[in-house]
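Asks: Here it is, the structure, as C-alpha cells.
The values are calculated or read from the model by the stated rules, or taken from the named source; none is laboratory data. Model, not experiment: these values are computed from the prediction. Neighbour counts run over all protein chains shown; Cβ positions are idealised from the backbone, glycine included. Keep in mind that these areas ignore ligands, DNA and RNA; they rest on the heavy atoms of the full protein, side chains included. Shrake-Rupley method; radii C 1.70, N 1.55, O 1.52, S 1.80 Å.
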Amino acid sequence: MVVKEQSVSDDNGMEDFGYRESLDRSIGKFASFAAGVSYISILTGTFQLFYFGFGTAGPAYLWSWPLVFVGQVAVALCFMELAAKYPVAGSVYNWSKALGSRIVGWSSGWLMLTASIVTLSAVVLALQMNLPRLWSGFQIIGDGTGQYDSAGNAVVLGTVLIVFTTAVNAFGVRLMSRINSAGVFIELIAAVLIAIILAANWTRGPQVFFSTHGYGAGESGGYLSAFLVATLASGYVMYGFDTASSLGEETVEPRRTAPKAIFRAVLASFVIGGAILVFAVMAAPDLKDPQIGSTTGGLQYIVQQVMWGPLGRIFLVCIVIAVTVCSLAVHTAAIRLAFAMARDNALPFGDKLARVHPKTQTPVVPAVLIGVLSALILAINVSQPKIFTVLTSIAVIMIYLAYLMVTGPMLKKRLRGQWPPKDLSEGGYFSMGRWGMFVNIVAVVWGIGMALNLAWPRAAIYGTPWYNTWGAFVYIGAILGAGLLWYAIKGRKSIGTLASHAAEVRSDV
C-alpha cells in the first residue's frame, strides 16, 4: 500500500495540514482584503484615538503614524510569507505552532484569543462617541451629563452591536463577508472624501508638524516622553491585518489571495488614514481649542467644524458603519482562532467549540460564547471605566506579544537556514527572498520595542493604584498564568487534532 501525498501546490488542500475541509470556502479577493481593512478600520481607530495622540504630544504626534507603519509592514511581510505557506484558520496560532513549538503556539493562541475578546468589547464602545452626536435619542441612559451616563450608555449601545455581530457570524461566512465588504466599500469612499474635503479647507501649512508647540515641556524626558506615549494612538490602530489570512480556509485560492490582501490592507490604512490625520490638523480652525484633545471632541469635532451643511452628519453615519464592520471583523477573527485551537483540543470543551453547523458551515458555539464574554466584560465600563481602559490597552499589548511569538521563531528558523521553504518560490507564491532576513529582524526588534513602550508603567495612561500602573505585567501575567495552569494540568496531555476534524489518510493500492 502506497500513501498518496497531495501536492502542496493545491491552494485549497487542507489535508496537507492534517485537517479535513469543513468550512465554507466562498471568500473572494475583495472580501479577503475587506476583512483586513475592517479590522484595522481607518475610521474607527483614527477617530477613536486622535484625541489621545493630539492631546498628549500635539500635531507632531503624527510622525508616529509612519513609524508604526514601517514596523507593522515588516511584521505584515513576514505574515505574507506564512499566509502563502499556511492558509489556515487561526493564523497566528497555527503559524507559531508550526515555527516554534506546541507550547509557543498554544501561548500565542491563548493571548490572541483573550485579547480579541477584550478588543471586541473596546471597539463597540466607539458607538458612544458617534451615535449621540447624530441623535440625542441614542443617549438612552441619562442626558450625558451624569457621572456614569456616558459609560453606562456605551455599554448598552455596545451590547446591541455585539448581539448583531453574534447573529451575523452564526448565520455563516457568506453573510458576514457581504456585510463586511459593503461596509468597507462605504468606509473607504467616506475616508477618501473626508481627506479630500479636509485638504480643501486647510488653514495652515505642513510646518505645524515640525514644532513641539510646548508639549512635553514638563516631562522628565522632554518631548520624547510625550511622543512615546502618543505613539500608543497609532500603535493601537494599525494591527489586525492577519484577519485576511485567518479566513484562509474560507478563501478561494488563499495562498495567492491572502498575502496580497494583508499588504493592501496595511497600505490602504496607512495612506488614507494618514491623509485624514494630516489634513485634519491642517484644517482645524483653532489648534488651541481644548475640545480637540478631549474625549468629547477629537477628530469628530474637527470634521463637524470643517464640513458644511449635513455633510458632517453623513460622515458620522459612515463612521458608525465603520465601527460596525470593525466589530464584525474582530468577532469573526476571534471565532476562527477559537475554532482552530478547539479542533486541536487546545481549549476546554474543545469538541463543542470545534463543532461546525452542517447548514451554515460555521462554528456557532464560539460565536455565541465570544459574544457573551465580550458583553460581560463591557459591564466593567459602567462603574470602573479606568480599569476597562487598562484592560483594553493590555489587549493590544497581548496581540503584539502574540505577533512576536510568530516573528521570533520565524527568525530563528531563518538563522538556521530552515526558512523560507522551497515550495514558495517554486510555486510562484509570495516570498521576500534575500530581503527576508533583514525584514524579519526589523519585525522582531520593532515588536519588542513597541511591546515595551506599550507596557511601560505610566500612571497617566493606566492610572492608579499600582496594579493598574503596572497593569501590563499584572494582568497579562494573570491571564497567561491561568492559561498555562490549564495547559500544565490537562492541555499538554490532551492536545491533538480531534478525530472529527482529522484528515482522512488516502491511499492507492
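Asks: Before anything else, pin down the relative contact order of segment 85-176: Cα pairs under 8 Å, at least 6 apart, normalised by residue count, whole percent. Could you put the intermediate results ahead of the total?
Replies: Details: 56 pairs, mean separation 16.8, N = 92.
Answer for segment 85-176 is 18 percent.
Asks: Of all accessible surface on the chain at a 1.4 Å probe, what whole percent is carbon and sulfur?
Replies: Values: 13490 of 20270 Å².
The nonpolar share, carbon plus sulfur, comes to 67 percent.
Asks: Another question, if that's okay. Counting only heavy atoms of protein chains, what accessible area per residue, in Å², does the chain have with a probe of 1.4 Å? Intermediate values should be presented prior to the final figure.
Replies: On the way: 20270 Å² over 509 residues.
On a per-residue basis, the chain sits at 40 Å².
Asks: Exceeding 32 Å between C-alpha atoms, which entries from my cross-link table qualify? They are LYS29/LYS422; LYS288/LYS386; LYS412/LYS493; LYS260/LYS359; LYS29/LYS413; LYS260/LYS352.
Replies: Values: LYS29/LYS422 25 Å; LYS288/LYS386 26 Å; LYS412/LYS493 27 Å; LYS260/LYS359 30 Å; LYS29/LYS413 30 Å; LYS260/LYS352 34 Å.
Among LYS29/LYS422; LYS288/LYS386; LYS412/LYS493; LYS260/LYS359; LYS29/LYS413; LYS260/LYS352, the Cα-Cα distance tops 32 Å for LYS260/LYS352.
Asks: Another question, if that's okay. Using Cα pairs closer than 8 Å and at least 6 residues apart in sequence, work out the relative contact order for the chain, in percent. Don't jump to the answer; show the numbers that get you there.
Replies: On the way: 861 pairs, mean separation 164.7, N = 509.
For the chain, the relative contact order is 32 percent.
Asks: Still on this structure, please answer the following. Of ILE479, VAL303, ILE186, which is farthest towards the positive pole of the chain's charge dipole, taken about the Cα centre with +1 and -1 on the beta-carbons of Lys, Arg and Asp, Glu respectively?
Replies: It is ILE479.
Asks: Still on this structure: Rounded to the nearest 0.05, what FRET efficiency is calculated for THR295 and THR212 with R0 set to 25 Å and r the Cβ-Cβ distance? Mind dumping the intermediate values first?
Replies: Numbers: r = 23 Å, r/R0 = 0.92.
It comes to 0.60.
Asks: Let me check something: with ligands and nucleic acids excluded, how do TRP63, TRP308, TRP110 order by accessible area (1.4 Å probe), largest to smallest? Each step should come with its number before you reach the end.
Replies: Working: TRP63 120, TRP308 145, TRP110 55 Å².
Largest accessible area first, the list is TRP308, TRP63, TRP110.
Asks: Could you work out [θ]222 nm for the chain from helices alone, using -39500 (n - 2.57) per DSSP H run of at least four and dividing by all its residues? Round to the nearest 500 deg cm²/dmol.
Replies: On the way: 22 runs with 328 residues, N = 509.
Only helices count here, giving -21000 deg cm²/dmol.
Asks: So, one more: Can you sort THR114, THR165 by solvent-accessible area, 1.4 Å probe, largest first? Intermediate results must be reported in sequence, preceding the final value.
Replies: Details: THR114 30, THR165 0 Å².
Output order, biggest surface exposure first: THR114, THR165.
Asks: Same structure, new question: Please list 493-502, 348-357, 403-412 highest first by mean number of surrounding beta-carbon atoms within 10 Å per residue.
Replies: Details: 493-502: 14.3, 348-357: 16.9, 403-412: 23.8.
The peptides rank, most packed first, as 403-412, 348-357, 493-502.
Asks: If you don't mind, there's one more thing I want to ask. If a helix is a whole DSSP H run, which ones in the chain reach 20 Å or further along their own axis (Cα) and hold a mean Kyte-Doolittle hydropathy of at least -1.0?
Replies: On the way: long enough: 42-57 (21 Å, 1.06); 64-85 (32 Å, 1.40); 102-124 (33 Å, 1.35); 149-170 (32 Å, 1.31); 173-200 (40 Å, 1.87); 254-283 (43 Å, 1.26); 311-343 (48 Å, 1.82); 364-378 (21 Å, 2.79); 385-415 (45 Å, 1.17); 436-455 (28 Å, 1.81); 471-486 (22 Å, 1.81).
Helices meeting the criterion: 42-57, 64-85, 102-124, 149-170, 173-200, 254-283, 311-343, 364-378, 385-415, 436-455, 471-486.
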